[in-house]
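Presented below is the structure to which this report refers.
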Amino acid sequence: MSMVLFASVVRVRDGLPLSASTDYEQDRGVQESKKYLKTLSKKLSQLPDRCTLKTGQYNINFTSSLGVGYMMICMESYPSVLAFSFLDELQREFIVSYDTKRISSAVRPYSFIDFDNFIQKTKQRYNSPRSLSIKINLADMQTEIKLRPPYQLSTSDLGTVNGFAHQSTSKYKGIAPNQMLEPVMLAGIVSCVLSLLCGSLNLIRGVHAIESILQNEDEDCNYVIAFFLGMAACFYQCYLFAFCTSWRNMKSCLSFGLICLCSMYLYELRNMWQLLFHVTVGAFTTLQIRLRQPQGKAPDYNV
């Protein structure tokens, strides 16, 4: 009897399935587990990088790294050390076979369907634990699971997807190990420096505007508000670039919109080049925030 029933590889960013094992399993429990697996695949960016979800007599195990998630459905009695060793083998082979640029640019489901052959062969090996135990060394995986056991999910941790009405997984945001951002590039550093410069200029002009109001009561205090709102938006964009938060891209767009509105309101106090500089820096930083995506925890292969 098969113990490893189904396996798939998905992109963490949006849950796009990249490859999956050929499956003829008609058991109703397995089909229900696949619904949970599909739900989880869309939430990997919000979850720890190694988890187990029990669904009746089946377990869903998954691990994520470098923006790719590796998922499987197995029998409840299947040892965790074998399950995560199986996922680790898929991960190693996938990283060697495909580069991150190709993974990021994939737009169609199952763009790496040729990887199915490796999944099938590995699945067959892991469905024969007796012969498998003499071919692989499980000591390292046993130690790793003992030191860092997989997070135990429950069905109540899932959101309302595929007809399952459950609690939100937002409690994982900020604590998941895979909530690290990609390495900072030169363009990102330049955008942050320019945003800090724009924010500082707004702060200085805002202080001067306050001094002008104190000296002349006829001055418009709305200019002060516009300067400080522009400053806050610039500094907040730097924060969004540096840290991974929920709705990060939307927040960056709203911040850019605020920068544009403040610049429009302050057009009487700035020349065209100054306005263009602030808006261009805001747009450039927004682009860099969008390009710097979350990534999974890099695996340690003792290389």
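From the list LYS101, LYS173, LYS135, pick out the single residue that is under 21 Å from GLY67 (Cβ atoms), at pLDDT below 75, open to solvent by 60 Å² or more (accessible area, probe 1.4 Å) and charged (D, E, K, R). Being under 21 Å from GLY67 (Cβ atoms), at pLDDT below 75, open to solvent by 60 Å² or more (accessible area, probe 1.4 Å) and charged (D, E, K, R) holds for just one of LYS101, LYS173, LYS135, which is LYS173.
If we only count strands (runs of 3 or more DSSP E) wholly inside the range 42-120, which ones have 3 or more residues that are closer than 15 Å to GLY15 by Cα, touching a helix residue (DSSP H, G or I) at 6+ places or on another chain (Cβ under 9 Å) and aliphatic (A, V, I, L, M)?
Working: elements: 50-55, 58-65, 68-75.
In the range 42-120, 68-75 are the strands (runs of 3 or more DSSP E) which contain 3 or more residues that are closer than 15 Å to GLY15 by Cα, touching a helix residue (DSSP H, G or I) at 6+ places or on another chain (Cβ under 9 Å) and aliphatic (A, V, I, L, M).
When THR285 is evaluated against the numbered criteria (1) of a type in the set (S, T, N, Q); (2) in contact (Cβ under 8 Å) with a residue 60 or more places away in the chain; (3) loosely packed, with under 14 Cβ neighbours inside 10 Å, which criterion, by number, is the only one it fails? With (1) of a type in the set (S, T, N, Q); (2) in contact (Cβ under 8 Å) with a residue 60 or more places away in the chain; (3) loosely packed, with under 14 Cβ neighbours inside 10 Å applied to THR285, the lone miss is (3). Scanning the range 220-268 for residues that are open to solvent by 70 Å² or more (accessible area, probe 1.4 Å), assigned to a loop (DSSP other than H, G, I, E, B) and either touching a helix residue (DSSP H, G or I) at 6+ places or on another chain (Cβ under 7 Å) or aliphatic (A, V, I, L, M) (or both) turns up CYS221, TYR267.
In this structure, LEU87 does not satisfy being under 22 Å from the mean Cα position of the chain (by Cα) and either open to solvent by 60 Å² or more (accessible area, probe 1.4 Å) or farther than 17 Å from GLN124 by Cα (or both).
Cβ-Cβ contacts under 6 Å between residues 6 or more apart (or on different chains), taken from a first residue in the range 198-211 that is touching a residue at least 24 places away in the same chain (Cβ under 8 Å) and under 22 Å from PHE284 (Cα atoms) to a second residue that is open to solvent by 70 Å² or more (accessible area, probe 1.4 Å) and part of a helix (DSSP H, G or I), are listed as GLY199/PHE235.
Restricting SER97, SER77 to those that are touching a residue at least 60 places away in the same chain (Cβ under 8 Å) and of a type outside the set (Asp, Glu) reduces the list to SER77.
Residues that are open to solvent by 80 Å² or more (accessible area, probe 1.4 Å) and modelled with pLDDT under 75 were ranked within the range 176-219; the one that is nearest to PRO149 (Cα to Cα) is MET180.
Among the residues making up the range 88-106, those that are under 24 Å from PRO183 (Cβ atoms) and either of a type outside the set (D, E, K, R) or touching a Leu at 6+ places or on another chain (Cβ under 9 Å) (or both) are GLN91, PHE94, ILE95, VAL96, SER97, TYR98, THR100, ILE103, SER104, SER105, ALA106.
The values are calculated or read from the model by the stated rules, or taken from the named source; none is laboratory data. Model, not experiment: these values are computed from the prediction. Virtual Cβ from ideal backbone geometry, glycine too; neighbours counted across all protein chains shown. Calculation scope for accessible area: heavy atoms of the full protein, side chains included, ligands and nucleic acids excluded. Shrake-Rupley method; radii C 1.70, N 1.55, O 1.52, S 1.80 Å.
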